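The values are calculated or read from the model by the stated rules, or taken from the named source; none is laboratory data. Keep in mind that what you see is a predicted model, and the values were worked out from it rather than measured. Don't worry about glycine lacking a Cβ; one is built from the backbone with ideal geometry, like all the others, and counts go over all protein chains shown. Areas reflect the complete protein model, heavy atoms only, side chains present, ligands, DNA and RNA absent. Shrake-Rupley method; radii C 1.70, N 1.55, O 1.52, S 1.80 Å.
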Amino acid sequence: MDIGQIYKKTGALLEGHFLLSSGKHSKYYLQSAKVLEDPKTASIMATELSDMITKANIQIDTVCSPAIGGLIAGYELARALGCRFIFTERVDKVMTLRRGFEISQNEKILICEDIITTGGSALEASNVIENLGANIVAYAALANRGICSRTNSNDKTKKECKLPKEIPFFALENFDFEVYEPKECPLCKNGIKAYKPGSRGN
Ligand code: ZN
């Protein structure tokens, strides 16, 4: 399955000149919600991800996603794995588990995101449910953004990666785009204006 092609075709892989939330500039931007617009595509990708996890012999009781970004990917992955799905959410910026979701002692939980950049939100979600007795057995995402390294891959781990090294991390594709400091950005040098994704209503 060519995940890069799917991202391009669905308009989830944008090309232009972007100001990222890190303050850096990039020629590309991933708008993962777009790749999940079509439930059939979402289901096909989640099944592929589920196969990777099953082949690695990892037992999962529950998939947990940090809202909002991880909800659809996580829900579809739970469906493919045949397990329960829960989510954490931010209340006044603090990640929490609400809505009556309960965790059993040593429940085997996989944390799922749409995309892993540094893994910050995924780590916050794991801390919340670990404190409630869960056992984090894996991380998963549809796409990896070139900062963390996937299990069984040649990806390099960059220092910004927040995922714990000892826990497996699965993703369908690694999008390791170059990012630039604004003063070194070749697109800026060409006089193209950078814009913040979302600022045009997308
Ligand atoms: Zn630039």
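Rounded to the nearest 5, what is the percent of antiparallel bridges among the DSSP beta bridges in the range 84-202?
20
What pairs from 93/165; 9/40; 24/159 go past 20 Å between their alpha carbons? Mind showing how you got there, number by number?
Working: 93/165 26 Å; 9/40 14 Å; 24/159 16 Å.
With Cα atoms farther than 20 Å apart: 93/165.
Would you mind telling me the antiparallel percentage of the DSSP bridges in the chain, rounded to 5?
The answer is about 30 percent antiparallel.
Can you tell me which of 8-14, 71-77, 179-185, 45-51 comes out highest on packing, and rank the rest after it, using the mean Cβ neighbours within 10 Å?
Taking the mean over residues of other Cβ atoms within 10 Å, the ranking is 71-77, 45-51, 8-14, 179-185.
About the Cα centre of the range 39-178, what is the dipole size in debye to 20, counting +1 per Lys and Arg Cβ and -1 per Asp and Glu Cβ, all else neutral?
60
Leaving out ligands, DNA and RNA, what percent of the accessible area of the chain is carbon and sulfur, probe 1.4 Å?
Details: 5250 of 10920 Å².
Here carbon and sulfur together make up 48 percent of the probe-accessible area.
Counting each pair of different Cα atoms once, what's the Kirkwood radius of the range 61-153 in Å, rounded to one decimal?
13.0
Which aspartates and glutamates have a Cα lying under 14 Å from the Cα of residue 156, excluding residues fewer than 8 positions away in the same chain?
Cross-link targets: 173, 176, 178.
Counting only heavy atoms of the protein chains, get the accessible area per residue of the range 88-133 (1.4 Å probe) and round it to a whole Å² value.
I get 53 Å² per residue for this part.
Return the whole-Å distance between the Cα centroid of the range 156-196 and the Cα centroid of the range 17-94.
18
Please report the projected area of the chain's Cα convex hull averaged over all directions, in nm².
12.0
By residue number, which cysteines of the chain lack any other Cys whose Cβ falls under 4.7 Å from their Cβ?
When partners are defined as cysteine Cβ atoms under 4.7 Å apart, the chain leaves 64, 83, 112 without one.
Could you give the length gained by full extension between residue 160 and residue 99, i.e. 0.36 nm per residue of separation minus their alpha carbon distance, to one decimal place?
Here the segment from residue 160 to residue 99 would lengthen by 18.8 nm.
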